[in-house]
1. Taking the conditions exactly as written (part of a loop (DSSP other than H, G, I, E, B) and at pLDDT 90 or above), does Val346 satisfy them or not?
2. Against the condition more than 16 Å from the ligand (Cβ to nearest atom) and more than 23 Å from the chain's Cα centre (by Cα), how does Ala140 come out, does it pass?
3. When Leu182 is evaluated against the numbered criteria (1) within 16 Å of the ligand (Cβ to nearest atom); (2) touching a Lys or Arg at 6+ places or on another chain (Cβ under 9 Å); (3) of a type in the set (A, V, I, L, M, F, W, C); (4) farther than 21 Å from Lys348 by Cβ, which criterion, by number, is the only one it fails?
4. Would region 208-215 turn up any residue that is buried (at least 24 other Cβ atoms within 10 Å of the Cβ), free of Cβ contacts under 8 Å to residues at least 60 places away in the same chain and in a helix (DSSP H, G or I)?
5. Considering (1) within 16 Å of the ligand (Cβ to nearest atom); (2) modelled with pLDDT under 95, say which one Gly96 fails and leave the rest.
6. Of all residues being within 25 Å of Asn310 (Cβ to Cβ) and surrounded by 15 or more Cβ atoms within 10 Å (Cβ to Cβ) in region 14-48, which is nearest to the ligand (Cβ to nearest atom)? Just the residue, please.
7. Restricting attention to region 310-351, and to residues there that are farther than 22 Å from Thr14 by Cβ and of a type in the set (D, E, K, R), which single residue is nearest to the chain's Cα centre (by Cα)?
Amino acid sequence: MALKLPIYMDHAATTPCDPRVVEAMLPFFTEKFGNAGSRNHRFGWEAEEGVDAARQHAAALIGADEKCIIFTSGSTESNNLAIKGAAYMYEKAPAGSRSRGHIVSCIIEHKAVLDPVKRLVKEGFDATFIEPPSDGVITADMVKAAMRDDTILVTIMWANNEIGTVNEVRQIGALCKQRGVLFHTDATQWTGKMPVNVDADNIDLLSWSGHKIYGPKGVGALYVRRQRPRVRLQSLLDGGGQERGFRSGTLNVPGIVGFGKACEIAKAEMHRDAERLSHLRHRLETEITARLDSCAINGHREKRLPHITNISFGFVEGEGLMMAVKNIACSSGSACTSASLEPSYVLKGLGVGDELAHSSLRLSLGRWTTDEQIDYAIEEISKAVKKLRTMSPLYDMHKEGIDLSKVEWAHH
Ligand SMILES: *Cc1c(COP(=O)(O)O)cnc(C)c1O
């Protein structure tokens, strides 16, 4: 069968909705359209039943009690609620502290963590942003070194969205627990792909999102620990008092039902998916690096999610590379800001040079990625890089053995 183009290898950006998810959602747009807050009639009860079942599936996915699940509009909102909500609730008295309170995070977090923390700094909180080593993995020792006696919150992502690296979450959580500091993790890339147990993993607050786990966009959840310790948050949205006052607003019932279904499927199928995708990724990486010299895989080679790879190609120009692989939907190491193309701050944070960051590709595989698509990506990428290198005088010099030590493509 002919391959349908373009192929999708950008599952870290978003995933298609699983058809089983869509099917579960459909009745909640039409016959079961009630407001889950309507207590007096069947329409409300049906909607509430849908939400309750979804809450159970969401809780089961992370080993939590369902009372700890707050539905939100996605991970951006969950992160904002966790970080700002905790900061405002646990801020220090001005007399006893250097600042309103200190927060520990990391420079390669998602913007949906960095920007809430930066806003808090503008408002008088203090923050330390850990700089990762070149493998991208944040350890408990790094967090320990960043902590102060006025630290109120640590927010470190579980797995990085650009390079797929996995941080020492359980150990960081244990450290925070021992110090009596709250621990939030943006687990958007990890949850639903790999196992979570909020108790064993020592997590107080955890964010995840529907559209990264084959559910709908615009819906997600925040786990908020209720025991040992009972975490309190200042709400960001005030109104009808839904979600136990943490998040007012009429519940997005179809979205929540879809999110719950996505969690249920993920719990049942994540191991199989991870196993299959790790083989596909292995083939993708080994074939590409066998066919091409001067390319480097970014981030720790083992402590990584199984379905993401981020590869830098020396001696090619970033924009040319993206154009040449336009039949492969993936992300580049360039971030579009309003004015220009900026190299990815995540790759820069690992010490990858600007040029090489621009000529990097993030390929992220998913539930419906096929062997044929992997074959196609191997062929297309190798072909494109080889062709672009025929136009590179630097590559000629490199091949002739001229020392190009200023060209830092090998950062390992
Ligand atoms: C996608 C993503 C987000 C944002 O999630 P939304 O649900 O789109 O708001 C936050 N953090 C990480 C790590 C992500 O990958």
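1. no
2. Considered against the rule, which asks whether it is more than 16 Å from the ligand (Cβ to nearest atom) and more than 23 Å from the chain's Cα centre (by Cα), Ala140 comes out as no.
3. (1) is the only condition that Leu182 fails.
4. no
5. In the conditions (1) within 16 Å of the ligand (Cβ to nearest atom); (2) modelled with pLDDT under 95, Gly96 misses (1) alone.
6. Thr14
7. Checked region 310-351; the qualifying residue nearest to the chain's Cα centre (by Cα) is Lys348.
Table: residues versus (1) within 25 Å of Asn161 (Cα to Cα); (2) within 16 Å of the ligand (Cβ to nearest atom).
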position	(1), (2)
Gln56	no, no
Ala59	yes, no
Ala64	yes, no
Lys92	no, no
Val117	yes, yes
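The values are calculated or read from the model by the stated rules, or taken from the named source; none is laboratory data. Quick caveat, the model's predicted, so the values are computed rather than measured. A quick note on method: Cβ atoms are made from the backbone with ideal geometry, for glycine too, and the neighbour counts reach across all protein chains shown.
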